[in-house]
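This report concerns only the one structure given below.
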Amino acid sequence: MKRERAVHAMSSSQASEKKIKGHDNEKDFNYVFGDKNAVINYSGASNDCIILDNAFFEILKKKLKVKSNHVSLKSGNTIQIHLGLLPELTNMGVWNRNLCERVINGESCTTSDHGIAFEEQIRVLKTYHFWAKYLNGEKGDILCYRDKNDKWVFFNMEDVINFIIDKFTWRLLETGRIKGDCQEKQYITYEYRSEIHKRCFVLGAHGGKKGKEFVDLLMKNIPYLEEIRISNRVNNQTTLA
């Protein structure tokens, strides 16, 4: 597998813009699948959306075997699974004590020691409990991805988690990043964000178009349901295509 150059994290302004787009996606989702008057959860501590279109939910139950109508909604080229501390993968005390700047492959980067053996990190990444906590958690039993053409792609979250566990392999780089590979290609990254307003870890399919590529990978390997629905919230009406 070829060596990859580091991809820098998005700026705070880019992150804010992505948050706004994310909330707009939630409003659109609620308009076509859920409660048009739903209050958006800006904290992110619970499921993004709930499907209230009972006829459509029955189709999801039949085709994807989903158990609840709670949805984790994603969109765009980046899919963030978790931003914050992941004690299963990093001992922050050890990481902070050894934090330093190093030149690796001709580039300066912030790196350290996770304080947890890589063999243990791999064991954790191969457990259902870990992914259920961070990818599913309180977010929902359904993963939905909205692409730029108003296509909504639905997956059973259990299928997504089991695919990651069964099909991904993991690499620890000199930079401290952990890369998740599938079918000879890298998709998932676990890395430290050293910006002063962050100083925490992010786990997700980010860098370039990794998020969209990850969704395409899922669509080729696990069951999904695709729905085209265009929300026209500005004119207070919904067009279904």
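Inverting the pair-averaged 1/r between distinct Cα atoms of the stretch 112-206 gives 14.8 Å as its Kirkwood hydrodynamic radius.
Between LYS63 and ALA132, the modelled label-to-label distance comes to 2.7 nm, taking each label 7 Å out from Cα in the direction of the beta carbon. Between ASN105 and ASP216, what is 0.36 nm times their sequence separation minus the Cα-Cα distance? Round to one decimal in nm. The span from ASN105 to ASP216 would gain 36.9 nm if fully extended. Mean projected area of the Cα convex hull of the stretch 12-231, taken over all directions, amounts to 12.5 nm². Amide H to amide H distances under 5 Å link GLY34 with LEU52, where only residues 5 or more positions off or on other chains count and H is placed in the peptide plane. When both the stretch 125-182 and the stretch 209-223 are represented by their alpha-carbon centers, they are found 10 Å apart. When you filter the chymotrypsin sites (Phe, Trp or Tyr not before Pro) in the stretch 175-226 for DSSP loop state and at most 11 other Cβ atoms inside 10 Å of their Cβ, nothing is left. Per-residue extension of 0.36 nm, minus the Cα-Cα distance of ARG97 and GLN183, leaves a gain of 27.3 nm for this segment. If a spin label sat at a point 7 angstrom from the Cα of LYS151 along the line to its beta carbon, the backbone N atoms of the stretch 49-85 nearer than 17 Å would be those of 74-78.
Here the Karplus curve 6.51 cos²θ - 1.76 cosθ + 1.60, taken at θ = phi - 60°, turns the phi angles of the stretch 147-157 into couplings of 8, 5, 9, 6, 8, 10, 10, 10, 10, 6, 4 Hz, with x standing for Gly and Pro.
Bear in mind these aren't lab numbers, they're just calculated from the coordinates by the rules spelled out. As the structure is a prediction and not an experimental result, all values here were calculated from the model. Don't worry about glycine lacking a Cβ; one is built from the backbone with ideal geometry, like all the others, and counts go over all protein chains shown.
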